[in-house]
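Written out below as structure tokens is the structure these notes cover.
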Amino acid sequence: MELIRGQHNLRPWHRGCVATIGNFDGVHLGHRVILDQLTRQMARLRLPRMVITFEPQPQEFFAGPTAPPARLMRLREKLLALDGLGIERVLCLKFDHQLAAMPASDFINELLVNRLGIRYLVVGDDFRFGHRRAGDFAMLVAAGQRHGFEVVDTHSYILDDQRVSSTRTREALAHGDLEAAARLLGRPYDMCGRVAHGDQIGRTIGFPTANIHLLRRVTPVYGVYAVVMSGAGLQPWPGVANVGRRPTVRGIRQQLEVHLLDFRGDLYGQQVKVDFMHYIRPEQRFESLMALQAQIQRDTHTARSYFSARGIVIPDTHHRPLLPEAF
Ligand SMILES: Cc1cc2nc3c(=O)[nH]c(=O)nc-3n(C[C@H](O)[C@H](O)[C@H](O)COP(=O)(O)O)c2cc1C
Ligand SMILES: Nc1ncnc2c1ncn2[C@@H]1O[C@H](COP(=O)(O)OP(=O)(O)O)[C@@H](O)[C@H]1O
């Protein structure tokens, strides 16, 4: 997949594509239907698929730095998901004052027509763009008729009588209904990151945890969960995780901490993905490390019952095949 950061990085060979515009936060089943639509048009018109997205997301820009709304994915996670679906190109536009002030006609003529040479565009019929949100679906349809591209409305994807959306997914996660979120996403909710060094308190209470910095993001999950971690050259590995500020040890930053069940080994520096399977409890402040330790012990029991009821097996570190000494 090719990532094009900003309009100024578009080159003449990027002209000619079938495209969609949106936040794609979560890359949920509704998004997947849109992307499938692009795939069919790619085959018909023999043109690459282009996803046009914004960073920060417009709602984040308008909310300002003090009250950022929760988002499901960091840009990196979004790009990984789109790459996994085989999308050829992503144009990531920096959403700033300049873009917010761009007249709707420039957005169409400069970007969509001149720079991108769009031949097919799929967007929601409530999509608004350009200065004062003056651009709308009807304007795109009219431009399409003038310049010879097709504009199609995204049909709402319905599950359990309701539209699948990023907001609905965030709400399911906020209510601890990870199972509902997984149905909307078509996979468990996950977060990706690199395992960093922490305060090394975990090992002293018998629960070493792989620390993953969340890079200032407002997460839609908060508290203790049964998780499955993958990456680091391991088979998917069940564990328990805490997303929070760790009030017991006076943590400052919000962090994701994963304790893998029955695992021993070094994970520092590894890039990992953590699937959130089941909500266990909210984060709490404990009076002592001993009280925290006792609670984590109970959390691991809860997680073990969850995994065994679903036939998810915990691998055995001791039975992992070892490379011969000579290697
Ligand atoms: C399953 C689990 C639940 C946790 N719950 C809490 C909690 O409710 N409150 C808290 O302050 N710390 C909690 N922690 C502890 C911290 O997340 C962290 O593991 C601990 O402070 C050790 O940090 P370190 O890895 O930097 O040494 C929990 C950890 C795990 C693995
Ligand atoms: N079962 C386990 N789950 C998670 N990490 C483990 C486990 N066993 C060993 N580790 C290793 O120990 C580190 C965590 O130990 P910890 O004492 O919590 O130190 P830190 O505060 O640096 O995270 C992990 O980053 C990983 O490399």
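The values are calculated or read from the model by the stated rules, or taken from the named source; none is laboratory data. Everything numeric in this text was worked out from a predicted model, so none of it was measured. Methodologically, a virtual Cβ is constructed for each residue, glycine included, from the backbone with ideal geometry; neighbour enumeration extends over all protein chains shown. For accessibility, only protein heavy atoms count, side chains too; no ligands or nucleic acids. Shrake-Rupley method; radii C 1.70, N 1.55, O 1.52, S 1.80 Å.
What are the pairs with Cβ atoms under 8 angstrom where one residue, in region 137-164, is open to solvent by 70 Å² or more (accessible area, probe 1.4 Å) and the other, located anywhere, is assigned to a loop (DSSP other than H, G, I, E, B) and among the hydroxyl-bearing types (Ser, Thr, Tyr)? Sequence gap at least six, or different chains.
Close Cβ pairs (under 8 Å, with a partner that is assigned to a loop (DSSP other than H, G, I, E, B) and among the hydroxyl-bearing types (Ser, Thr, Tyr)) amount to Arg163/Ser156; Arg163/Tyr157.
So, Gly231, is that one on the phi > 0 side of the Ramachandran plot, within 10 Å of ligand 1 (Cβ to nearest atom) and assigned by TED's automatic domain parsing to the domain that holds Asp299 or not?
Numbers: on the phi > 0 side of the Ramachandran plot: yes; within 10 Å of ligand 1 (Cβ to nearest atom): no; assigned by TED's automatic domain parsing to the domain that holds Asp299: yes.
So Gly231 does not fit the description; no.
Given the conditions (1) assigned to a loop (DSSP other than H, G, I, E, B); (2) away from ligand 2 (no atom under 11 Å from the Cβ); (3) under 22 Å from the mean Cα position of the chain (by Cα), and given that Gly269 satisfies all but one, which numbered condition is not satisfied?
(2)
Hey, does region 97-113 have a residue that's open to solvent by less than 70 Å² (accessible area, probe 1.4 Å), in a helix (DSSP H, G or I) and not assigned by TED's automatic domain parsing to the domain that holds Gln41?
No, region 97-113 has no match at all.
Is it fair to say Gly202 is closer than 26 Å to Leu75 by Cβ and either in contact (Cβ under 8 Å) with a residue 40 or more places away in the chain or away from ligand 1 (no atom under 12 Å from the Cβ) (or both)?
no
What tally of residues in region 279-322 results from selecting those that are of a type in the set (Gly, Ala, Ser) and either closer than 20 Å to Leu256 by Cβ or surrounded by 15 or more Cβ atoms within 10 Å (Cβ to Cβ) (or both)? Explain how you work it out, then say what you get.
Taking region 279-322 and keeping what is of a type in the set (Gly, Ala, Ser), we get 288, 291, 294, 303, 305, 308-309, 311.
Next, from what is left, pick out any that are either closer than 20 Å to Leu256 by Cβ or surrounded by 15 or more Cβ atoms within 10 Å (Cβ to Cβ) (or both): 303.
Number of matching residues: 1.
So, Phe276, is that one farther than 23 Å from Arg76 by Cα, surrounded by 17 or more Cβ atoms within 10 Å (Cβ to Cβ) and touching a residue at least 24 places away in the same chain (Cβ under 8 Å) or not?
On the way: farther than 23 Å from Arg76 by Cα: no; surrounded by 17 or more Cβ atoms within 10 Å (Cβ to Cβ): yes; touching a residue at least 24 places away in the same chain (Cβ under 8 Å): yes.
Criteria not met by Phe276.
Kindly check whether there is at least one residue in region 299-310 that is of a type in the set (Val, Ile, Thr) and at pLDDT 95 or above. Walk me through it before giving the result.
Within region 299-310, the subset of a type in the set (Val, Ile, Thr) is 300, 302.
Applying the additional criterion that residues be at pLDDT 95 or above yields 300, 302.
Taking every residue of region 299-310 in turn, at least one turns out to be of a type in the set (Val, Ile, Thr) and at pLDDT 95 or above.
Among the numbered conditions (1) near ligand 1 (Cβ under 9 Å from one of its atoms); (2) open to solvent by 10 Å² or more (accessible area, probe 1.4 Å), tell me where Gly223 comes up short.
Going through the list (1) near ligand 1 (Cβ under 9 Å from one of its atoms); (2) open to solvent by 10 Å² or more (accessible area, probe 1.4 Å), Gly223 breaks only (2).
Just to be sure before I move on: is Ala174 farther than 17 Å from His278 by Cβ and either within 16 Å of ligand 2 (Cβ to nearest atom) or open to solvent by 70 Å² or more (accessible area, probe 1.4 Å) (or both) in the structure I sent? Talk me through it step by step, then tell me what you get.
Details: farther than 17 Å from His278 by Cβ: no; either within 16 Å of ligand 2 (Cβ to nearest atom) or open to solvent by 70 Å² or more (accessible area, probe 1.4 Å) (or both): yes.
In short, no.
If a residue must be crowded, with 17+ Cβ neighbours inside 10 Å and among the charged types (D, E, K, R), how many such residues does region 40-54 contain?
1
Just one of the numbered conditions (1) assigned to a loop (DSSP other than H, G, I, E, B); (2) within 16 Å of ligand 1 (Cβ to nearest atom); (3) at pLDDT 95 or above is not true of Val195; which one?
(1)
Taking the options Leu93, Leu72, name whichever one is surrounded by 17 or more Cβ atoms within 10 Å (Cβ to Cβ), touching a residue at least 40 places away in the same chain (Cβ under 8 Å) and more than 16 Å from the chain's Cα centre (by Cα). I'd like the intermediate steps shown before the answer.
On the way: Leu72 fails: more than 16 Å from the chain's Cα centre (by Cα).
Sole residue among the options that is surrounded by 17 or more Cβ atoms within 10 Å (Cβ to Cβ), touching a residue at least 40 places away in the same chain (Cβ under 8 Å) and more than 16 Å from the chain's Cα centre (by Cα): Leu93.
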